[in-house]
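Participant: After the structure tokens below, expect a handful of questions from me.
The values are calculated or read from the model by the stated rules, or taken from the named source; none is laboratory data. Not measured: the values here are computed from a predicted model. Counting neighbours? That spans all protein chains shown, and the Cβs are built from the backbone with ideal geometry, glycine included.
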Amino acid sequence: MVILELYQGDYQKDLVAFDSLEEGKAFVSQIPGYTLENEDGFEVEYFNPKNLPDYMEIIFNGNIVPLSRFSFDPEENVEIIWKEISNLSVKNDKMIEGATKVDAYVVNNDEVKAYVEAREANFRKVKAFLENKGYEVDRSFFGSEDGEAILYKKQGAEDWHFLCHLDPLFVEVEDVEGYVKEAMEEFLYS
């Protein structure tokens, strides 16, 4: 199942849903000025609202969808975004398609469990290593653009220092102690 989203600047609207992308493309092809381009191997779909009449109706499978040029900024194209969504009414014995946001990063659904487990295992290793060396450890910046990060400071010291973000590169670190030593050396010599 796919959802058709219209996107223009700060305006986002989930307009309708289709059983298949092919049906959705048949629908959007009826929008005046609809354009499909290929940019660097990716399909980009949009329409210019200047091509819309004051009011129009697109009839699709007996459903009437109203459109008006007055719904959009005439100086900017309206992007067509396709969002796949799983239909849980259909019985299935597998992971749903798509991705899940983990902190500031998007991870394929079939990789989320392993990603979270590796992320947390590496954090625990970093925390244990630093605490063993006489440091306090804190997790900060959850929800920030770059995601959660590890901060550290010497026991009793005032200033916290940035070690790293808990990002996809951190998840792949195998030599955690070496990684921490290298990150701390960069701080000392910067």
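Participant: When you scan segment 2-73 for strands (runs of 3 or more DSSP E) that lie fully inside it, which ones turn up with 1 or more residues that are polar (S, T, N, Q)?
Facilitator: In segment 2-73, 2-8, 11-18, 35-39, 63-67 are the strands (runs of 3 or more DSSP E) which contain 1 or more residues that are polar (S, T, N, Q).
Participant: Go over the candidates K153, K101, K181 one by one and state the one that is outside any loop (DSSP other than H, G, I, E, B), basic (K, R), farther than 30 Å from S86 by Cβ and modelled with pLDDT under 95.
Facilitator: Of the residues listed, the single one that is outside any loop (DSSP other than H, G, I, E, B), basic (K, R), farther than 30 Å from S86 by Cβ and modelled with pLDDT under 95 is K181.
Participant: Turning to a different aspect of this structure: Does at least one position in segment 108-128 carry a residue that is part of a loop (DSSP other than H, G, I, E, B) and outside the structural domain of E37 (by TED's automatic domain parsing)?
Facilitator: For segment 108-128, residues part of a loop (DSSP other than H, G, I, E, B) and outside the structural domain of E37 (by TED's automatic domain parsing): absent.
Participant: Oh, and also: Which residues, taken from segment 100-147, are among the aromatic types (F, W, Y), farther than 22 Å from K181 by Cβ and surrounded by 12 or more Cβ atoms within 10 Å (Cβ to Cβ)?
Facilitator: The answer is Y105, Y115, F141.
Participant: Looking only at residues in segment 81-95 that are at pLDDT 90 or above and closer than 29 Å to E37 by Cα, which one is nearest to the chain's Cα centre (by Cα)?
Facilitator: Looking at the filtered set, the residue picked out is K83.
Participant: Of the residues L130, L166, only one is farther than 19 Å from T100 by Cβ, out of contact with any Cys (no Cβ under 7 Å at 6 or more places or on another chain), of a type outside the set (S, T, N, Q) and in contact (Cβ under 8 Å) with a residue 12 or more places away in the chain; which?
Facilitator: After ruling out the rest, the residue left standing is L130.
Participant: Additional query: So, I80, is that one in contact with a helix residue (DSSP H, G or I) (Cβ under 6 Å, 6 or more places away or on another chain) and either part of a strand (DSSP E or B) or not assigned by TED's automatic domain parsing to the domain that holds Y34 (or both) or not?
Facilitator: yes
Participant: Something else now. Going through segment 17-59 one residue at a time, which ones are farther than 13 Å from S71 by Cβ, surrounded by 12 or more Cβ atoms within 10 Å (Cβ to Cβ) and either within 21 Å of the chain's Cα centre (by Cα) or of a type in the set (F, W, Y) (or both)?
Facilitator: Once the filter is applied, which keeps residues that are farther than 13 Å from S71 by Cβ, surrounded by 12 or more Cβ atoms within 10 Å (Cβ to Cβ) and either within 21 Å of the chain's Cα centre (by Cα) or of a type in the set (F, W, Y) (or both), segment 17-59 yields A17, F18, L21, F27, Y34, V44, E45, Y46.
Participant: Y115 versus (1) over 30 Å from M184 (Cβ atoms); (2) in contact (Cβ under 8 Å) with a residue 12 or more places away in the chain; (3) of a type outside the set (V, I, T): which is the lone unmet condition?
Facilitator: The failed condition is (1).
Participant: Show the residue pairs meeting these rules: Cβ distance below 8 Å; 6+ apart or different chains; first residue within segment 93-107 and within 13 Å of P168 (Cβ to Cβ) and of a type in the set (V, I, T); second residue surrounded by 13 or more Cβ atoms within 10 Å (Cβ to Cβ) and modelled with pLDDT under 90.
Facilitator: The qualifying pairs are V106/A99; V107/A99.
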